[in-house]
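Rule-based calculations on the coordinates, nothing more; no lab input. From a predicted model like this one, the values you see are computed outputs, not experimental measurements. We place every Cβ from the backbone using ideal geometry, glycine too, and count neighbours over all the protein chains shown.
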Amino acid sequence: MQDADTQTTIFGNTVAELVGENLRIGIVQARFNAALTDRLAQACLAELELLGVSAKYIEHVSVPGALEIPVALQAMARRKDFDALIALGCIIRGETYHFELVSNESGAGVTRISLDHETPIANAILTVETEAQAWARADDKGRDAARVAVEMANLMEELS
């Protein structure tokens, strides 16, 4: 067992050391489908703690829905206060084209902010067909978002 500051995770065929100590992480959580996004957030925050990220270095804000996530991420990225950011949301397919619009635009916005500001963003906006699929994925996706944020923050430090 490793100490709380380091964890080894296998992604594909690559092993990454995840060191969260002293990392500053920003989280933007959509309130739409709040029960699900709260579950994502709980799993994410628990994993960040396991990886050694101090609660005092985590800023967690909420926005109305997935389409508002990118603008909040952009405001955080502009501050240059964070080593990585995390987007948490849940979009469940309905009977109209709105699902595609929200899914595509929120995802594109998250990617654009990350590239424009050279800030890693773990995108944990679930896009699912049913609420049952969202519940089945919430814990894993929340934990994965924490791991991705820490791994990418560590990588960006190495690359700079």
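Couple of notes before you dig in:
- Applying the condition of being without any contact (Cβ under 8 Å) to a residue 24 or more places away in the chain and among the charged types (D, E, K, R) to segment 83-100 and asking which residue is surrounded by the most Cβ atoms within 10 Å (Cβ to Cβ) yields GLU100.
- Residues satisfying the stated conditions in segment 121-140, i.e. surrounded by fewer than 22 Cβ atoms within 10 Å (Cβ to Cβ) and not in a strand (DSSP E or B): GLU129, THR130, GLU131, ALA132, GLN133, TRP135, ALA136, ARG137, ASP139, ASP140
- Residue check for VAL148: more than 11 Å from ALA66 (Cβ to Cβ) and surrounded by 18 or more Cβ atoms within 10 Å (Cβ to Cβ): yes
- Segment 86-136, residues that are among the basic types (Lys, Arg) and more than 23 Å from GLU158 (Cα to Cα): ARG93
- Pick from segment 77-100, criterion assigned to a helix (DSSP H, G or I) and of a type in the set (A, V, I, L, M, F, W, C), ranking: nearest to ALA43 (Cα to Cα): ALA77
- Just one of the listed residues (SER103, SER62) is without any contact (Cβ under 8 Å) to a residue 40 or more places away in the chain, in a helix (DSSP H, G or I) and of a type in the set (Gly, Ala, Ser), namely SER103.
- Of all residues making up segment 14-44, the number that are in a loop (DSSP other than H, G, I, E, B) and under 24 Å from PRO70 (Cβ atoms): 5
- Residue count, segment 21-41 (criterion: within 29 Å of GLN133 (Cβ to Cβ) and surrounded by 14 or more Cβ atoms within 10 Å (Cβ to Cβ)): 14
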